1. Which cross-chain or sequence-distant (5 or more) residues have an amide H under 5 Å from the amide H of residue 296, H modelled 1.01 Å from N in plane?
2. For the chain, which whole percent of the accessible surface, found with a 1.4 angstrom probe, sits on carbon and sulfur atoms?
3. For the chain, what does the accessible surface come to per residue with a 1.4 Å probe? Please give it in Å².
4. Tell me, what is the percent relative contact order of segment 52-139, built from C-alpha pairs under 8 Å that lie six or more residues apart?
5. May I ask you to derive the FRET efficiency for residue 291 and residue 134 from their Cβ-Cβ distance with R0 = 41 Å, giving the value to the nearest 0.05?
6. FRET efficiency for residue 100 and residue 57, Cβ-Cβ distance as r, R0 = 35 Å, nearest 0.05?
7. Please identify, among 351, 96, 234, the residue showing maximal mean-square fluctuation in a Gaussian network model of the chain using a 10 angstrom Cα cutoff.
8. Report, for segment 43-182, the % of DSSP beta bridges that are antiparallel, rounded to 5.
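The values are calculated or read from the model by the stated rules, or taken from the named source; none is laboratory data. Not measured: the values here are computed from a predicted model. In this analysis, Cβ positions are derived from the backbone assuming ideal geometry, glycine residues included, and neighbour counts consider all displayed protein chains. In case anyone asks, the SASA skips ligands and DNA or RNA and just uses the protein heavy atoms, side chains included. Shrake-Rupley method; radii C 1.70, N 1.55, O 1.52, S 1.80 Å.
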Amino acid sequence: MSFGAGALTAITLLAAFKRWWWRQQRKQSAGEEAEKQPAHVGGVVGLIGHTPLIRINSLSEATGCEILAKAEFLNPGGSVKDRVALEIVREAFEDGQLRAGGVITEGTVGSTGVSLAMVAAAFGCRCHIAMPNDAAIEKAQMLEALGATVQRLPPVSITHPDHFVNVARREAATNDNTIFANQFENLANFRAHLETGREIWEQTGGHLDAFVCGAGTGGTIAGVSCFLKSKKPGVRVMLVDPPGSSLYNKVTRGVMYTKEEAEGKRLRNPFDTITEGLGINRLTANFDKAKVDAAFQASDREAVEMAQYLLRNDGLFVGSSAAVNCVGAVKAARALGPGKHTVVTVLCDGGHRHLSKFHNRAYLEAHGLTPASQGTSLDFVT
């Protein structure tokens, strides 16, 4: 009996020592990491980037793959577009195109405008944003709160002179010390996301099998794909595309085409979708640099259900683009097949910018998109 009690005491002491030793190791590791980090950052722009890579537990458990996501909604401006805004403004200053007191113009559905308004203020500049008047009203309200002037315009084709992008371009051309950010064609967008790719590579230790996200300007998927494939050529890059966009067919068939553009079916606004910021019917300079292996389509129903799924199962409150990306991550996991794979995507922004539409029950009901799924089933992803 005494031997048994002594052995039990020794085991207990050993376990306590192991716990103490691991705590000391963690403290030492944390201390070493803290030494690498500066004690402070240079203003709000110092907060941009270096976002955490989080595991989406529910999707990982449901698919059998590790599904990880860059939490870009934790940037100070609330979205992935902070990276793009900073790179555009920084390069404009370095090239002498812009000086303190100048104006930055842009045509955007919202998130890039918010990021530009914030970064402009940090650089001592002002911001003028042209946007479609059917974008969520809270985006325009946030822009105005940040000091930007906002011009809301009826949605028209990009070929129309009064398209919001063309209006922003004209505004810059007629004023001194003013630049048109031009996020669709400005390769500063692509260059900003080479850093996003580097962060993903370092945070995964290079152990990833696929990266999946949607494209609006194409900067994110271009920059990330180029960096990841420079490190690991075999990594699969997959596009997820919303209704009305031509990019799915560009990747799968090599042509910019969508059924909404077919002869006799041309719509005044082919992007008949609840999502904002994703999809396009032209090839941008940024997307042209993307190295994409495959593509999926995601419906409005899938996006709405995914947003509610993440809120219900993970407490993640995401915007429409992030929801579409997570639909793509599930489809990518299924496409990779059996085996323990790691899929990375991007949580572009939070749901707080989508309260009047994407997260508005009355709006969803009016459009026949009232969420119906419950529990942990992913049956809504087809």
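1. Excluding prolines and chain starts, which carry no amide H, the hits are 239, 240, 241.
2. Looking at the chain in its full context, I get 54 percent from C and S.
3. Result: 45 Å² of accessible area for each residue.
4. Relative contact order comes out at 23 percent.
5. Once rounded, the FRET efficiency stands at 0.80.
6. Result of the calculation: an efficiency of 0.15.
7. 96
8. Of those bridges, close to 20 percent are antiparallel.
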